[in-house]
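Take a look at the structure set out below.
The values are calculated or read from the model by the stated rules, or taken from the named source; none is laboratory data. In this text, all values refer to a predicted model and were calculated from it rather than measured experimentally. Cβ coordinates were reconstructed from backbone atoms using ideal geometry, including for glycine residues, and neighbour counts include every protein chain displayed. When the accessible area is computed, the model is the full protein with side chains, heavy atoms only, and any ligands, DNA or RNA have been set aside. Shrake-Rupley method; radii C 1.70, N 1.55, O 1.52, S 1.80 Å.
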Amino acid sequence: MTTSLLPRMRKPVLALALAAIPAQAVAELSARDVWEAFSKQLTPYGQMQADLAQAGPTLTARAITLSTEIEGIRSETALSGAISFRENADGTVSIQFPAQMTATLNVTGATGGASSSASYAFSQQGMEVTASGEPGRITHDFSAPQMSYTLQGMTADGTPMGGTMQLDLTNTAGSWLSAGETLTEVTADYTIDALSVDAAFTDPATNGEIKFTAQMDAVAAQSTNTIPDGMQSMSPQAIFASGFGITGQMQYGPVSYAADVTSKGQIYQLLGNIAQGSASVSLDGDQVRYAVTSEDMTVAGRMSGLPLPPLEVQLERSSFDLRMPLAQTDTARDFGLGMALEGFTVNDFIWSMLDPTRQLPRDPATVALDLKGTGNWLIDIFDTEALENTTSLGKIETLSLEALEISIAGASLTGDGAFTFDNDDLASFGGVPRPQGSVDLALTGGITLLDTLTAMNVVPQQQALGIKALSGLFTKPGSGPDTLTSRIEIDPTGRVLANGQQIR
């Protein structure tokens, strides 16, 4: 063999050599690696135990239990059936669940008190879960054409409770990544074509019954959870100090729901629809934030036995946004609160009861508020002993009214403003830090609305005159017709002024 042939032969020879290595030798994950990661993800909910058996490349877990104890209250969940972890030739591990399995939860009260229980059934068709990666960093890809969870029975303080519930999920798919050792981060991303709930519960004491059905389509969710090792035995203070945190967001498409409430022989019905919406949450030792929006909502209600059309309200958009610091700090942190109900309308049947002669404008109503500020906690709010022994939880430094809008029946109130707070002066306003700043308000169409309500005998004539006289003390005419404006100001000395006139 001449040396000139060697370079050309190296690649084929290398390929043959790699092909000759057994597939199992290049595997990066073992079944036990995946089982340990799987069980570790459940440690926030308790201590997991199982009977493990290895047969060739397959590890099988049976008699799985998850138990925890908090302040003397012990809970234990037992799973029937077996979960297997099979090593594949390509270095991945397949997780196989039985077509049906049950979970039984038992909760025992402190000092041997009465126990409660619940039993659930899980079923699936065609579910596939594959783990890949390496120990300490495992990705799970999953898909399930059909999954169902069914409540089979429950007791409270030893007394059987009447109730059924079934949750069905269609075409669930996605993945989650588990990484880390003492601090595990689980990142998930999944979609669900359709989610439906069918539930009914009975109150044994009154024989009242609630039936509820709901359908949610086009669900997409993403989340990241950071879980400290040994979390189940930690106090809330220690959990956050150890790095615990969650973030998540969800988007969903059309939602429909219906509820029937039976009480004393009377049936109340509620129907609703939401075109689309979203929700997000983040929580850690530093701050919490929660936000939710819904668009194109309709809610209709009626009572059986009454020959009346349903009461119906519609809402173009609703939103809620809360942000608040949680950590104890020496400097001020941002907080905020925003909420809005936009495009609120009611059907003609409601209007016919309120305004049969159509004297009021029926424009869509809006209520919106946006507050922002800065402040800080002076103690660790997760420390129960500190909470019991403090006289001052925290302090606020600034608060601004970013936006205010209340529009209804042709009248509109808007406003904005900002204040700072002197935390060293708690005497001027009865224990509240003294504010300094101003807020500007504008009311359009208010007098016209008042006159209309007076003509409808909703507001007595004498009260209407009193309201107009009082408004003259706090407002002044604006630039437009039927417009009143007011600036409410608190000066550095603590005086409260309305358009420059002292009222306190």
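Report whether or not ALA121 is under 30 Å from ASP189 (Cβ atoms), assigned to a strand (DSSP E or B), at pLDDT 95 or above and more than 26 Å from the chain's Cα centre (by Cα).
No, not satisfied.
Could you grab me the full set of residues in segment 238-257 that are part of a strand (DSSP E or B), farther than 20 Å from MET297 by Cα and either free of Cβ contacts under 8 Å to residues at least 12 places away in the same chain or open to solvent by 30 Å² or more (accessible area, probe 1.4 Å) (or both)?
First pass over segment 238-257, keeping only residues part of a strand (DSSP E or B): 245-252, 255-257.
From what is left, the residues that are farther than 20 Å from MET297 by Cα are 245-249.
ILE246, THR247, GLN249 - these are the residues of segment 238-257 that are part of a strand (DSSP E or B), farther than 20 Å from MET297 by Cα and either free of Cβ contacts under 8 Å to residues at least 12 places away in the same chain or open to solvent by 30 Å² or more (accessible area, probe 1.4 Å) (or both).
Of the residues that sit in segment 279-309 and are crowded, with 16+ Cβ neighbours inside 10 Å and more than 23 Å from the chain's Cα centre (by Cα), which one is farthest from GLN251 (Cα to Cα)?
ARG302
Give the residue that is most open to solvent (accessible area, probe 1.4 Å), with candidates limited to residues of segment 95-110 that are among the polar types (S, T, N, Q), farther than 23 Å from TRP176 by Cα and out of contact with any Gly (no Cβ under 8 Å at 6 or more places or on another chain).
Result: ASN106.
Quick one: which strands (runs of 3 or more DSSP E) sit completely within segment 365-454 and have at least 3 residues that are within 25 Å of ARG504 (Cα to Cα) and of a type in the set (A, V, I, L, M, F, W, C)?
Where strands (runs of 3 or more DSSP E) fall fully within segment 365-454 and carry at least 3 residues being within 25 Å of ARG504 (Cα to Cα) and of a type in the set (A, V, I, L, M, F, W, C), they are 394-408, 411-422, 434-444.
Take segment 28-40 and flag every residue that is in a loop (DSSP other than H, G, I, E, B) and either modelled with pLDDT of 95 or more or open to solvent by 30 Å² or more (accessible area, probe 1.4 Å) (or both).
GLU28, SER30
Looking only at residues that are polar (S, T, N, Q) and open to solvent by less than 40 Å² (accessible area, probe 1.4 Å) in segment 449-458, which one is nearest to ILE406 (Cα to Cα)? Walk me through it before giving the result.
Keep residues of segment 449-458 that are polar (S, T, N, Q), which gives 452, 454, 457.
Restricting the remaining residues to those that are open to solvent by less than 40 Å² (accessible area, probe 1.4 Å) gives 452, 454.
Details: THR452: 18, THR454: 21 Å.
Among those residues, the one meeting the criterion is THR452.
If THR184 meets every condition in (1) free of Cβ contacts under 8 Å to residues at least 60 places away in the same chain; (2) open to solvent by less than 40 Å² (accessible area, probe 1.4 Å) apart from one, which number is that one?
Condition not satisfied by THR184: (1).
Does PRO44 satisfy the condition of being within 29 Å of the chain's Cα centre (by Cα) and more than 24 Å from SER148 (Cβ to Cβ)? It would help to see each step written out before you state the result.
On the way: within 29 Å of the chain's Cα centre (by Cα): yes; more than 24 Å from SER148 (Cβ to Cβ): yes.
Against the criterion (within 29 Å of the chain's Cα centre (by Cα) and more than 24 Å from SER148 (Cβ to Cβ)), PRO44 qualifies.
Just to be sure I understand, how many residues within segment 459-504 are assigned to a loop (DSSP other than H, G, I, E, B), out of contact with any Leu (no Cβ under 6 Å at 6 or more places or on another chain) and surrounded by 15 or more Cβ atoms within 10 Å (Cβ to Cβ)?
Going through segment 459-504 one residue at a time, the tally reaches 2.
Name every residue in segment 55-66 that is out of contact with any Lys or Arg (no Cβ under 8 Å at 6 or more places or on another chain) and either surrounded by fewer than 17 Cβ atoms within 10 Å (Cβ to Cβ) or closer than 11 Å to ALA31 by Cβ (or both), in order of residue number.
Of everything in segment 55-66, those that are out of contact with any Lys or Arg (no Cβ under 8 Å at 6 or more places or on another chain) and either surrounded by fewer than 17 Cβ atoms within 10 Å (Cβ to Cβ) or closer than 11 Å to ALA31 by Cβ (or both) turn out to be ALA55, GLY56, THR60, ALA61, ARG62, ALA63, THR65.
Suppose we filter segment 310-352 for residues that are more than 24 Å from the chain's Cα centre (by Cα), under 23 Å from THR420 (Cβ atoms) and open to solvent by less than 40 Å² (accessible area, probe 1.4 Å); how many remain?
Residues meeting the conditions: 2.
Looking at GLN266, GLN276 in this structure, which one is within 19 Å of the chain's Cα centre (by Cα), within 30 Å of ALA300 (Cβ to Cβ) and open to solvent by 40 Å² or more (accessible area, probe 1.4 Å)?
The match here is GLN276.
Looking at ASP370, ASP422, which one is touching a Pro at 6+ places or on another chain (Cβ under 7 Å) and of a type in the set (Asp, Glu)?
ASP422
Test ASP141 against the criterion of being open to solvent by 60 Å² or more (accessible area, probe 1.4 Å) and on the phi > 0 side of the Ramachandran plot, and give yes or no.
Values: open to solvent by 60 Å² or more (accessible area, probe 1.4 Å): yes; on the phi > 0 side of the Ramachandran plot: no.
No.
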